[in-house]
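Notes follow the structure.
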Ligand code: ZN
């Protein structure tokens, strides 16, 4: 066996272990009875320890060095070169993080999460504040260990979005603000009222599932290599391209939640199901830093695909003119007297609200800006944890003109900080930005793409996305994929013109 094969065999074993952890995680969130949580945490801890040991072992080190010698001289674009280089980079970053610090962060997460849940239920931020203070200080230690040039936030960002910096984000946010604040003002003053009351009727779960899943399959989701279940927080997770799980949450008295939730997760699933089969169990389908077996190249890139299918396809006028008939046949009584155009307006209702996960396409990015700016301020010390609720409320007023009635719908609304996941929020807006860039490029490059979407034929779009993005797994960085497929760097312009065009038509000026 040559050196590259031996290295790949070692990394395939590590990928198997990570996929096993993912399966245990899926089970914990979908199937496990509450009594299983303590032993499950122990099992996951044991597996994580085995993976860390294998990654840091002298055997892995030796196999990596031999593989590095063997790929010398190959093109920098070759998958083999990228596998080897990404492993080297990840091992160097992991070596910079003291194991005691990782353990402290995991332990604090398990203590902080229930404290956050209690604080949220009691609407009492001070109950969670001491744990959050510890979390911020450990995260500052982690950032220092990983290393950064301009801002501690950069060290956190690069774990989730390689190549992204706080400076780039600030420029992007400024562009988004200057374009979307006037659009939001226009929408606020528009006489248009979306008929959202039609969603608030009885919609049996089985029919919701049947409709949403039939659309996911039309998009290209392969049920032979995936399945759909229920969970409190919807998510997608894959155990190789051959077994991709999605979940959704049904509310029988509010139609859009599960339907658009499933369109969203289907976008994530399409990414994972269309990775080149030769990358299965390889480093290019493994997030070594996150210790997850995942094929998509970054959080933002993954999110770009869920947003593209959920919003740019699933909330488009074309889509509802094609599929409203099927929905109507599923719920003839509830939708009596409603037509496709009315339904299209209703699913694109824009209304500033307190809750991020319920936000529409226009206001969503403000929720992200607010959180990202506060995370940066916490890490550089310009805002203290004690000042956080007030800082949150002030930004909410500036961006969306709202003041949270209490902290449970304000500073305490998201679980992320209790887990120590500081730095993941901006990847949601990056996803929106990149989705619009890819959607625009696909239209420029695929002749007749708009016509195919008008025929509800999603194959040409999915094929372009597979060729340009999905098949490559984690071989290229987000910046490389953007450059290769769109010819441009990260740029908010396509998102901003998409939103402007769509919502100016839906919300005429007074
Ligand atoms: Zn998502």
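Tabulated values for the structure
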{"quantity": "Nitroxide proxy distance, nm - points 7 Å out along Cα→Cβ at residue 57 and residue 133", "calculated": "4.4 nm"}
{"quantity": "Ellipsoid semi-axes in whole angstrom, largest first, where each is sqrt(5λ) of the Cα gyration tensor of segment 242-394", "calculated": "32, 27, 12"}
{"quantity": "Inter-part distance where segment 101-122 and segment 129-198 are each reduced to a Cα centre, Å", "calculated": "22 Å"}
{"quantity": "Viscosity 0.692 mPa s, 37 °C: Kirkwood-radius Stokes-Einstein D of segment 139-187 over Cα pairs, µm²/s", "calculated": "267 µm²/s"}
{"quantity": "0 to 90° range, to nearest 10: angle between helix 99-122 axis and the chain longest Cα axis", "calculated": "20 degrees"}
{"quantity": "Per residue convex hull volume, Cα atoms of segment 208-301, in Å³", "calculated": "95 Å³"}
{"quantity": "Relative contact order for the chain, counting Cα pairs under 8 Å that sit 6 or more residues apart, in percent", "calculated": "21 percent"}
{"quantity": "Residue 185/residue 339 FRET efficiency (R0 25 Å; Cβ-Cβ; nearest 0.05)", "calculated": "0.25"}
{"quantity": "Stokes-Einstein D for segment 1-100, Kirkwood Rh over Cα pairs, 37 °C, 0.692 mPa s (µm²/s)", "calculated": "215 µm²/s"}
{"quantity": "Residues residue 111 and residue 318, FRET efficiency given R0 of 51 Å [Cβ-Cβ distance, rounded to 0.05]", "calculated": "0.55"}
{"quantity": "Debye-sum result for the chain in log10 I(q)/I(0), which assumes one identical scatterer on each alpha carbon, at q = 0.07 Å⁻¹", "calculated": "-0.39"}
{"quantity": "Degrees separating the helix 459-468 axis from the principal Cα axis of the chain, which is the longest one", "calculated": "30 degrees"}
{"quantity": "For segment 341-417, alpha-carbon Rg over 2.2 N^0.38 Å", "calculated": "1.21"}
{"quantity": "Fully extended contour minus Cα-Cα distance, from residue 85 to residue 488, at 0.36 nm per residue", "calculated": "142.6 nm"}
{"quantity": "Ellipsoid equivalent to segment 151-256 - semi-axes via the Cα gyration tensor, in Å", "calculated": "33, 28, 12"}
{"quantity": "Residue-span extension gain [residue 41 to residue 278] - 0.36 nm each, minus C-alpha spacing", "calculated": "82.1 nm"}
{"quantity": "Mean Cβ count within 10 Å, highest first, over the residues of peptides 154-162, 409-417", "calculated": "154-162, 409-417"}
{"quantity": "Two-decimal ratio, segment 200-249, of alpha-carbon radius of gyration to 2.2 N^0.38 Å", "calculated": "1.22"}
{"quantity": "Sequence ranges 304-316, 466-478, 50-62, ranked by mean other-Cβ count within 10 angstrom, highest first", "calculated": "304-316, 466-478, 50-62"}
{"quantity": "Fewest-first ranking of 502, 120, using other Cβ atoms within 10 Å as the exposure measure", "calculated": "502, 120"}
{"quantity": "Modelled FRET efficiency - R0 30 Å, residue 457 with residue 5, Cβ distances, 0.05 increments", "calculated": "0.15"}
{"quantity": "Nitroxide proxy distance, nm - points 7 Å out along Cα→Cβ at residue 509 and residue 443", "calculated": "2.2 nm"}
{"quantity": "Calculated log₁₀ intensity ratio I(q)/I(0) where the Debye formula runs over C-alpha points of segment 298-384, q = 0.12, 0.19, 0.20 Å⁻¹", "calculated": "-0.53, -0.97, -1.03"}
{"quantity": "Cα gyration tensor shape of segment 342-483, rounded if a/c is under 1.5, else prolate or oblate by comparing a/b with b/c", "calculated": "oblate"}
{"quantity": "Inter-centroid distance (Cα atoms) of segment 423-469 relative to segment 284-354, Å", "calculated": "13 Å"}
{"quantity": "Hull volume in cubic angstrom per residue (convex hull over the Cα atoms of segment 80-176)", "calculated": "153 Å³"}
{"quantity": "Between helix 205-219 and the chain: long-axis angle, C-alpha atoms, 0 to 90°, nearest 10", "calculated": "70 degrees"}
{"quantity": "Rel. contact order, % - alpha carbon contacts under 8 angstrom, at least six apart, segment 192-295", "calculated": "28 percent"}
{"quantity": "Over segment 350-457, relative contact order from alpha-carbon pairs under 8 Å, at least 6 apart, %", "calculated": "24 percent"}
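Readers should treat all values here as calculations from the given coordinates under stated rules, not as data from a laboratory. This is a predicted model, so every value here is computed, not measured. Because the Cβ atoms are built from the backbone with ideal geometry, glycine has one as well, and the counts that use them run over all protein chains shown.
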